[in-house]
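Each reported figure results from applying straightforward, stated rules to the coordinates on display, with no laboratory input. It should be emphasised that the depicted structure is a prediction, and the values quoted were computed from it without experimental measurement. Virtual Cβ from ideal backbone geometry, glycine too; neighbours counted across all protein chains shown.
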Amino acid sequence: MARKAGPARSTTIVDVAAQAGVSPMTVSRVINDRTGVGAETRAAVQEAIRALGYRPNVAARSLVMSAELRIGVVYSNPSAAFMSDFLTGVFEEASARGARLVLLKGEGGRPPAEDALRDLIASGVSGVILTPPLGESPAVLRVLREAGLPMASVGAHQVADTICVRIDDRKAAYEMTRELIALGHRRLGFIVGNPDQAASAERLAGFHAAVREVDGVQTAVAQGDFSYASGLVAGEQLLDAPVPPTAIFASNDDMAAAIVSVAHRRQLDVPGELTVVGFDDTTAAVMLWPPLTTVHQPVRRLAAEALGLLATEIAGGGDAVERADRVLAHGMVRRQSTAAPRG
């Protein structure tokens, strides 16, 4: 018995972009009559729309073109301290610009369901900001690109058709590792962050780059996912080694705080017997004893910059914003969790 065919897939903005040889964001600009698109490119997009019979969603377009700036914020991050700083930066910038924020949360570090993302799009948001690790999630990016929405990602590294705002993670990790070596440490532990984020690989690369410059440095690497719980597991693994490290560098403050907890449980003095350093400089770095030496990542500024660039993109700021990869300055914050190794 023949099977009844399902409904044909409707033409999407991605199909139009492929036909015209441009990005979905450029198609969105043409559909919404924004600036920043050359006459030849505009004509190619319009021809692709005619050839494919593409019909833009009139209701969604009218919402996008309304006077109110509505920004979707999609987040799912295991670090409450990071998210507190991030949301503060977004709220402050949105308030200054008179923008309305629409929040969508995924659970446990996972992306929101596709239906939830489509509901967010249908609500009429003009663009979307993505927090780590969602700025590098293929599932999330696919849905947003199909809708032709402008996107800004904090902490992501050079994602196509997305404004990326970050620090130089490799350089920051390199500098912190050099400080540990300068203190005299030659047995170093490192805890990697979420394997799905480019920042994790960049921080590990910076750590290794610094170690390679000095003879006689022994290293041990454990996998985490930026959560406090993963830091506990990684800390136990590193300190259970026959010859444990004298210093541990965790890829964020939550995991570094977990290392301090593991050390206290083992009656190890921090920093007398174990130096611990983190990354981010969130409130987690100062809510324990001793407070953490850490890399300062300006999370609030990163979030505010992302929203500002996204607002410019929505207003038709041109292809330069579309391809933006903004790198903000980082710093080192030295507190009481570091010391020279004993002996």
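Observations
- Only one residue of Val140, Tyr174, Ala303 has its Cα farthest out toward the positive end of the dipole of the chain, where Lys and Arg carry +1 and Asp and Glu -1 on Cβ, and that residue is Val140.
- Angle in degrees between helix 198-212 and the longest Cα principal axis of the chain, rounded to the nearest 10: 40
- For region 233-290: rounded, prolate or oblate by the Cα gyration tensor [a/c cutoff 1.5]: prolate
- Segment Ala39..Val333, full-extension length gain: 100.8 nm, with 0.36 nm per residue of separation and the alpha-carbon distance subtracted.
- Helix content alone sets the calculated 222 nm mean residue ellipticity of the chain: runs of n ≥ 4 DSSP H residues at -39500 (n - 2.57) each, divided across all residues, give -13000 deg cm²/dmol.
- Beta bridges by DSSP in the chain, antiparallel share as percent, to the nearest 5: 10
- Computed from Cα atoms, the angle from the helix 80-97 axis to the main principal axis of the chain rounds to 40 degrees.
- Taking packing as the residue-averaged number of other Cβ atoms within 10 angstrom, the listed peptides 105-117, 158-170 run from highest to lowest as 158-170, 105-117.
- Distance (nanometres) between label positions extended 7 Å along Cα→Cβ at Arg55 and Ala80: 4.9
- Relative contact order, percent, the chain [alpha-carbon distance under 8 Å, six or more residues apart]: 18
- Under the shape rule built on the C-alpha gyration tensor, where the axes satisfy a ≥ b ≥ c, region 169-298 is rounded, since a/c falls short of 1.5.
- Counted residue by residue at 0.36 nm each, then reduced by the alpha carbon distance between them, the extension gain from Asp215 to Thr88 reaches 41.4 nm.
- Evaluated at q = 0.10, 0.13 Å⁻¹: base-10 log I(q)/I(0), Debye formula over Cα of the chain: -0.64, -0.92
- Helix 253-265 and the longest principal axis of the Cα set of the chain meet at an angle near 30°.
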